[in-house]
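See structure below.
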Amino acid sequence: MSQKVIAFFPEAAYGPALNSVGIAQACERLGHKAVFLTAPDMEGVYAGYGFEEHLVPMSAPMPPEEVAAYWQDFIDGHIPNFNKTPYEQIDNYVKDCWDAIVETAEWAQKSLPETLEKVQPDIICVDNVILFPAIKQFGKPWVRIISCSENEIPDPDIPPHLSGCSQDDKEGFEAFESRFQEVVGDIHKRFNEFLKANGEEPYPPGQFFEASPYLNLLLYPEAVKFQRRHPLDPQRFQYLEGCIRKDQPYEVPVFKKNQDKPLVYVSFGSLGCGDTETLERLIQALGKLDIRALVNVGSHLDEYQNVPDNVILDKWFPQPSVIPQVDAVIHHGGNNTFTECLYFAKPAIIMPYVWDGHDNATRVQETGHGLKMHRADWTDQDLREAVETILTSEEMSRKLQETSAQMRSSPGPEKAAAAIGALL
């Protein structure tokens, strides 16, 4: 097969970015050339892995550090909303997110057609929650990658995206979807006007993207997928069993206390680290347990004092190298951490705060792979009992081992690269 150019356009966040890197690496092992289209604030991320980058502005012109600070300020400003239910977040966090996301699509359209003409890709892989008309109209096959929960592709019998509803909560489905459409109605109207101005048909209420007619790659593992009324066509929809990348090695440090006790890894993601109050409370509670804990606190490392002797903090951890070495994980429900825990057979407590973390928290519990807890509404005793449960449950361990074996038998990046290669 002659070398083809595959363009990847992930959302400007590390989860989708690193998933696409893994797939791109696998594509290059098949002899193709992978290039990345990227927002300016992610410039250098892909070059660091040896890939060619092409910038696509997604906002008004400003230095990359200001863009990064904008999104961090956006998250920090919504910290008071993190304790609310998914339904209650529709009126604030969810609404503001969709308003910002539509704006990124409007800005991208200004330069994306020219960038695609320059790159001349044979296929385009986009990992986002919104349509970029230029990609659909370029005249080459395009692939949709879904890094978040698979319920981005809706079905009458599965929970709406972001709702955190259980599989059987049909009343909750209807209430969430009705409120979502009501609140984002004006934003959706603006998006449909944008589509019309760029030669696209309007989307139904509440819809901001569509499935690719060519290929859709879902990072969700089959072991936790939803039971749909309308099963997805396997010719167009591939479950990737996660997309676990290789990262730099990690050596577990020596703890001052509990050196021979179980090891727990804690991360609320790069943006969730801004909620230092909740993390401080969690750190002190973990300090009272008969365990060791590694805690990701992001750029706020210097703000923590009196760290317990059985807890070690750091700004960043190479997660795919850390999780295999721990006994359990406490996290926010981001899809990378969610799938990594399943891949490495590690039980998890998910304390969600926004977006698809709510969906993943519900799903990890109802499929028997971990527990869901409110991120703040718990006592030290609640936390103790939950940690003891995930460390000792034989049924949970058995379930995780089965899921891990299934995921390892069909590695996501290679499966994705093969599907893209077949499409080419």
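Could you please let me know if residue 135 is of a type in the set (Val, Ile, Thr) and closer than 27 Å to residue 352 by Cβ? Answer is no for this residue. Starting from residues that are in contact (Cβ under 8 Å) with a residue 60 or more places away in the chain, within 20 Å of residue 41 (Cα to Cα) and among the polar types (S, T, N, Q), keep the ones in the range 105-134 and report whichever is surrounded by the most Cβ atoms within 10 Å (Cβ to Cβ). For the range 105-134, the residue satisfying everything is 128. Within the range 313-341, if we keep just the residues that are assigned to a helix (DSSP H, G or I), in contact with a Phe, Trp or Tyr (Cβ under 6 Å, 6 or more places away or on another chain) and of a type outside the set (A, V, I, L, M), the residue that is farthest from residue 365 (Cα to Cα) turns out to be 321. Here residue 249 fits the description: touching a Ser or Thr at 6+ places or on another chain (Cβ under 7 Å) and either outside any loop (DSSP other than H, G, I, E, B) or not assigned by TED's automatic domain parsing to the domain that holds residue 14 (or both).
Taking the range 375-396 as the search range and keeping residues that are assigned to a helix (DSSP H, G or I) and touching a helix residue (DSSP H, G or I) at 6+ places or on another chain (Cβ under 9 Å), which one is farthest from residue 221 (Cα to Cα)? It would help to see each step written out before you state the result.
The first filter runs over the range 375-396 and keeps only residues assigned to a helix (DSSP H, G or I), leaving 380-392, 394-396.
From the residues that got through so far, the ones that are touching a helix residue (DSSP H, G or I) at 6+ places or on another chain (Cβ under 9 Å) too are 380, 383-384, 387, 389-390, 396.
Details: 380: 32, 383: 27, 384: 29, 387: 24, 389: 24, 390: 20, 396: 17 Å.
Going through the qualifying residues, I end up with 380.
Checking each residue in the range 137-147 for being crowded, with 22+ Cβ neighbours inside 10 Å and in a loop (DSSP other than H, G, I, E, B) picks out only 147.
Can you list the helices (runs of 4 or more DSSP H) lying wholly within the range 24-136 that have 3 or more residues being outside the structural domain of residue 417 (by TED's automatic domain parsing) and not hydrophobic (A, V, I, L, M, F, W, C)?
Working: elements: 64-77, 86-89, 95-119.
Because the criterion is at least 3 residues that are outside the structural domain of residue 417 (by TED's automatic domain parsing) and not hydrophobic (A, V, I, L, M, F, W, C), the helices (runs of 4 or more DSSP H) in the range 24-136 that meet it are 86-89, 95-119.
Might you check whether a residue that is surrounded by fewer than 16 Cβ atoms within 10 Å (Cβ to Cβ), at pLDDT 95 or above, under 24 Å from residue 220 (Cα atoms) and among the charged types (D, E, K, R) occurs anywhere in the range 367-374? No: the range 367-374 contains no residue that is surrounded by fewer than 16 Cβ atoms within 10 Å (Cβ to Cβ), at pLDDT 95 or above, under 24 Å from residue 220 (Cα atoms) and among the charged types (D, E, K, R). When residue 85 is tested against (1) modelled with pLDDT of 95 or more; (2) crowded, with 16+ Cβ neighbours inside 10 Å; (3) among the polar types (S, T, N, Q); (4) out of contact with any Phe, Trp or Tyr (no Cβ under 9 Å at 6 or more places or on another chain), exactly one condition is not met: (2). Of 59, 2, all but one fail to be within 27 Å of residue 140 (Cβ to Cβ), in contact with a helix residue (DSSP H, G or I) (Cβ under 8 Å, 6 or more places away or on another chain) and of a type in the set (Ser, Thr, Tyr); the exception is 59.
Residue under question is residue 202, and the condition is that it be in the same structural domain as residue 22 (by TED's automatic domain parsing), more than 18 Å from the chain's Cα centre (by Cα), surrounded by fewer than 16 Cβ atoms within 10 Å (Cβ to Cβ) and not hydrophobic (A, V, I, L, M, F, W, C); does it hold?
Numbers: in the same structural domain as residue 22 (by TED's automatic domain parsing): no; more than 18 Å from the chain's Cα centre (by Cα): yes; surrounded by fewer than 16 Cβ atoms within 10 Å (Cβ to Cβ): yes; not hydrophobic (A, V, I, L, M, F, W, C): yes.
Considered against the rule, which asks whether it is in the same structural domain as residue 22 (by TED's automatic domain parsing), more than 18 Å from the chain's Cα centre (by Cα), surrounded by fewer than 16 Cβ atoms within 10 Å (Cβ to Cβ) and not hydrophobic (A, V, I, L, M, F, W, C), residue 202 comes out as no.
The residues of the range 246-263 that are surrounded by 10 or more Cβ atoms within 10 Å (Cβ to Cβ) and of a type in the set (Val, Ile, Thr) amount to a single one, 252.
Each row is one residue, and each column tells you yes or no for (1) hydroxyl-bearing (Ser, Thr, Tyr); (2) without any contact (Cβ under 8 Å) to a residue 24 or more places away in the chain.
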residue: 273; (1), (2): no, no
residue: 295; (1), (2): no, no
residue: 304; (1), (2): yes, no
residue: 314; (1), (2): no, yes
residue: 356; (1), (2): no, no
residue: 368; (1), (2): no, no
residue: 378; (1), (2): no, yes
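Filter the range 354-374 down to the residues that are in a loop (DSSP other than H, G, I, E, B) and among the β-branched types (Val, Ile, Thr), then identify the one that is farthest from the chain's Cα centre (by Cα). Only one residue tops the list, namely 367. Of the residues making up the range 236-278, those that are touching a Phe, Trp or Tyr at 6+ places or on another chain (Cβ under 8 Å) and at positive phi are 241, 242. Of the residues 208, 255, the single one that is in contact (Cβ under 8 Å) with a residue 60 or more places away in the chain and under 30 Å from residue 365 (Cβ atoms) is 208.
Per the conditions (1) modelled with pLDDT under 95; (2) in contact with a helix residue (DSSP H, G or I) (Cβ under 9 Å, 6 or more places away or on another chain); (3) farther than 29 Å from residue 385 by Cβ, the sole criterion not satisfied by residue 227 is (2).
Right, residue 212: in contact with a Phe, Trp or Tyr (Cβ under 6 Å, 6 or more places away or on another chain) and among the polar types (S, T, N, Q) or not?
Working: in contact with a Phe, Trp or Tyr (Cβ under 6 Å, 6 or more places away or on another chain): yes; among the polar types (S, T, N, Q): yes.
In short, yes.
Within the range 70-97, residues that are under 20 Å from residue 42 (Cβ atoms) reach partners that are not in a helix (DSSP H, G or I) with beta carbons closer than 7 Å, at six or more positions or on different chains, in the pairs 72/274; 75/274; 76/274.
Within the range 117-142, work out how many residues are aliphatic (A, V, I, L, M) and touching a helix residue (DSSP H, G or I) at 6+ places or on another chain (Cβ under 6 Å).
Residues of the range 117-142 that are aliphatic (A, V, I, L, M), as a first pass: 119, 123-124, 126, 129-131, 134-135.
Imposing the further condition that a residue be touching a helix residue (DSSP H, G or I) at 6+ places or on another chain (Cβ under 6 Å) reduces the set to 124, 126, 130, 134.
The qualifying residues number 4.
For the range 342-353, residues that are in contact (Cβ under 8 Å) with a residue 40 or more places away in the chain and outside any loop (DSSP other than H, G, I, E, B) total 4.
The values are calculated or read from the model by the stated rules, or taken from the named source; none is laboratory data. Here the structure is a predicted model, which means the values were calculated and not measured. Glycine gets a Cβ as well: all are built from the backbone with ideal geometry, and neighbour counts include every protein chain shown.
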